[in-house]
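What follows is calculated from the coordinates using simple rules that are stated; it is not laboratory data. Since we're looking at a predicted model, the values are computed, not measured. Quick reminder, even Gly has a Cβ in these numbers, built from the backbone with ideal geometry, and neighbours come from all protein chains shown.
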Amino acid sequence: MSFTIIKHPLIIDKLTRMRKVETSSKDFRENLNEIGQLMVYEIFRDMPLKEVDIETPVTKTKGYTIDVPVVLIPIIRAGLGMTEGIQKLVPTARIAHIGLYRNEETLEPVEYYAKKTKNIENSYVIVVDPMLATGGSASKAIEIAKGWGAKQIKFVCLVSVKEGIEKLQKDHPDVEIYTASLDPILNEDGYIVPGLGDAGDRIFGTK
């Protein structure tokens, strides 16, 4: 299974801004969207292309266009914060949605909403969530996507920890993982440390 930490000075700078407790929701969202755009270059590096005939103002020539449909699947609600940035560079991408919450007794993720797109089985599927902590929600979302018929799946997050990585590698060894940071630990409350806090609350200004 592939695990990639996308390191770039612009990503590192923006992630540092997001980590700061005093960062406003507006600035948090903007930096999250911008990091999503920067990560796109690496995530789609192996995307297949097809040759097409085009005509420039000077002559006829050959060009290349993306040869596979793209589906983004944000895990609601925090995943919505990264989706806009990715879609700006892949405007033809369709968006499916998966909503999950954690059962406080079992601590297992529970599905409360799921809406797929057309032709997902033949699409290049990107499951998105800013945080990869225990890995439970990410694993469940990927399980749902596979149930829809998705075969080419990548998981994209902003901040991750070892526990989450190992969970996905065990449950879905065929899924590539992309992250901007591998943080040191997961605390007893299930928060990544140093992390970002609750990404959903920081994106939407809720508590």
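Which of the residue pairs K116/K167; K14/K116; K50/K115; K115/K151 have a Cα-Cα distance greater than 20 Å in the structure shown? Pairs exceeding 20 Å: K116/K167; K14/K116; K50/K115. Counting only residues at least eight positions apart within a chain, or on another chain, the aspartates and glutamates with an alpha carbon under 19 Å from that of K60 are E51. Beta-bridge orientation, the chain: approximately 40 percent antiparallel, per DSSP, counting only bridges with both partners inside.
Can you give me the convex hull volume of the Cα atoms of region 60-207, divided per residue and expressed in Å³?
Convex hull volume per residue, Cα atoms: 129 Å³.
Between the listed residues V90, Q152, P57, the Cα displaced farthest toward the positive end of the dipole of the chain, a dipole computed from Cβ unit charges relative to the Cα centre, is found at P57. Only beta bridges with both residues in region 1-117 are counted; by DSSP, about 75 percent of them are antiparallel.
Once the Cα atoms are used to define both axes, helix 80-89 deviates from the longest principal axis of the chain by about 20 degrees. How tilted is helix 25-43 with respect to the longest principal axis of the chain? Cα atoms for both, answer in degrees (0 to 90, nearest 10). Taking Cα atoms only, the helix is inclined about 50 degrees. Give me the angle, in degrees from 0 to 90, between the Cα long axis of helix 9-19 and the longest principal axis of the Cα atoms of the chain, rounded to the nearest 10. Computed tilt is about 30 degrees.
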